[in-house]
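Trainee: I have a structure I would like to understand better, so I am pasting it below and will then ask my questions one at a time.
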Amino acid sequence: MGQATELSATLRRIERAAGGLATASVARMDETLPWFRALPAEQRSWVMLVAQSGVRSLVEWLRDGGGTADSSQEVSDEVFATAPQALARSISLQETVALIKVTIDVVEEQAGELAAPGEEQQLREVMLRFSREIAFAAARAYARAAESRGSWDARLQALLVDALLRGDSPDVLASRAAALGWTDAPPVAVAVGRSPGGAVAAVLHTVYRQARRIGAEVIGGVHGDRLVVVLGGAADPVSATGNLLEAFGEGPVVVGPAVPSLDEATESARAALAGFRAAPAWPGAPRPVSAEDLLPERALAGDTEARRRLRHDVYAGLVRSGGELLPTLDAFFAAGGTLESAARALFVHPNTVRYRLRRVSDVTGFSPLTPRDAFALQIALTIGRLDPTPNHLISPSSVKNTQKVDDRRQSL
């Protein structure tokens, strides 16, 4: 308290000049900080209140012994309690430090008038220590605001992820996404993997940090032991997810199909979740892996959409193509993938078998000559024969034996 007592005359002068100091500080801000002039009148008035509170805080700090060189007294964070949330939203921490510097400069310039005779240098030294403490107080205020905002954002994101997984209406998804500042940059895809554990905020922070590096838009949420990430604006969602792997725990990471907007992201989320459940059946799967590449495992795990896709797009596609594609596939698989053996069983030239297999690849997107694709084709044939295929999926005009003409051409 010694130095506070010695500066008692100076303290009284500072108290009397508090209003004028705050006004002079705001005027200086207006002169030297272009971004400050652009602030709305309401936000400028908040800065005035904080400046006045800062001068009062200086007096209280000195009275409590904070002005002594060996004092550990901290400036109370209440200096920013006038409008902490509004100020933190409209002015960055860096800008706040600039405002504090202007206020300190104004007080130091008037030290000769504020200090009692012989106390000018002493007051300047005190102001140096006070400026350091007020900067720390600002950092604490902004840290609290950021933590509060981060917790609220995490809750909103968790609600959005739940809505996606439940298949809520597009209006619900849009309103929750808008609250998070989601711009809905296409395409949109959902990635699912295991959460690394720990605090949810820390997990999501890693997601956002990695997403900023690749320029993608993300919303993340921890759902049970799973980390669900909604990815927007990445031309190749699987490749983009590969840059986010640091955020996921061990195990498979599955990316659902890309869709045009968040309104349709439930489809991507369902495929990603189904793929995540089925992924252990493919130990050699890449990481990340597309849910489309897990269609056979998803079908075996009971995913109705995967069964429908394999039945309609693959099996029924082969049936619609007509010709001898299905018998050729059967013979090829029965021959253990040997062209010559399949040709002998079918009484055709090996080139004919080769041509038909290329046709299978064109029709289905799966090549029988690739082990992984051959597995998917075998599952599709099994499902197609077990699950009745609706008649409207097979056009009668397409089931013509026009393939025989091409077969003879290829065998020549």
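Trainee: Please name all residue pairs, on different chains or six or more residues apart, with Cβ atoms under 7 Å, provided the first residue is in region 31-49 and is assigned to a helix (DSSP H, G or I) and the second residue is open to solvent by 60 Å² or more (accessible area, probe 1.4 Å) and among the polar types (S, T, N, Q).
Mentor: If the second residue must be open to solvent by 60 Å² or more (accessible area, probe 1.4 Å) and among the polar types (S, T, N, Q), the pairs left are Trp46/Thr82; Leu49/Thr82.
Trainee: Within region 184-228, take every residue that is open to solvent by 10 Å² or more (accessible area, probe 1.4 Å) and in a strand (DSSP E or B) and give me the one that is modelled with the lowest pLDDT.
Mentor: Here the answer is His223.
Trainee: Now for a different question. Could you identify the single residue in Leu128, Leu99 that is at pLDDT 75 or above and loosely packed, with under 14 Cβ neighbours inside 10 Å?
Mentor: On the way: Leu99 fails: loosely packed, with under 14 Cβ neighbours inside 10 Å.
Criteria check complete, one pass: Leu128.
Trainee: Could you look through region 303-330, keep only residues that are among the hydrophobic types (A, V, I, L, M, F, W, C), within 44 Å of the chain's Cα centre (by Cα) and more than 14 Å from Asp362 (Cβ to Cβ), and pick out the one that is most open to solvent (accessible area, probe 1.4 Å)?
Mentor: Val319
Trainee: When region 353-368 is examined, which residues are found to be in contact with a Leu (Cβ under 8 Å, 6 or more places away or on another chain) and touching a residue at least 40 places away in the same chain (Cβ under 8 Å)?
Mentor: Residues satisfying the conditions are Arg354, Arg356, Arg359, Val360, Val363, Thr364, Phe366.
Trainee: Do you know which of the residues in region 139-152 that are touching a helix residue (DSSP H, G or I) at 6+ places or on another chain (Cβ under 8 Å) and modelled with pLDDT of 65 or more is nearest to Ala98 (Cα to Cα)?
Mentor: The selected residue is Ala139.
Trainee: Restricting to region 229-242, and then to whatever is open to solvent by 50 Å² or more (accessible area, probe 1.4 Å) and modelled with pLDDT of 95 or more, can you tell me which residue is farthest from Pro280 (Cα to Cα)? Explain how you work it out, then say what you get.
Mentor: Keep residues of region 229-242 that are open to solvent by 50 Å² or more (accessible area, probe 1.4 Å), which gives 235-236, 239.
Okay, now just the ones that are also modelled with pLDDT of 95 or more, so 236, 239.
Working: Asp236: 24, Ser239: 21 Å.
That would be Asp236.
Trainee: Follow-up question, since we're still on this one. From the set of residues in region 345-365 that are among the hydrophobic types (A, V, I, L, M, F, W, C) and open to solvent by less than 40 Å² (accessible area, probe 1.4 Å), which is nearest to the chain's Cα centre (by Cα)?
Mentor: Here is the first cut: in region 345-365, the residues among the hydrophobic types (A, V, I, L, M, F, W, C) are 345-348, 353, 357, 360, 363.
Okay, now just the ones that are also open to solvent by less than 40 Å² (accessible area, probe 1.4 Å), so 353, 357, 360.
Values: Val353: 48, Leu357: 42, Val360: 39 Å.
Once the filter is applied, the top-ranked residue is Val360.
Trainee: Residues in region 243-290 that are surrounded by 24 or more Cβ atoms within 10 Å (Cβ to Cβ) and among the hydroxyl-bearing types (Ser, Thr, Tyr): how many?
Mentor: 1
The values are calculated or read from the model by the stated rules, or taken from the named source; none is laboratory data. On a predicted model such as this, the values are computed, not experimentally measured, just so you know. Cβ coordinates were reconstructed from backbone atoms using ideal geometry, including for glycine residues, and neighbour counts include every protein chain displayed. What goes into the accessible areas is simple: the full protein's heavy atoms, side chains included, and nothing from ligands, DNA or RNA. Shrake-Rupley method; radii C 1.70, N 1.55, O 1.52, S 1.80 Å.
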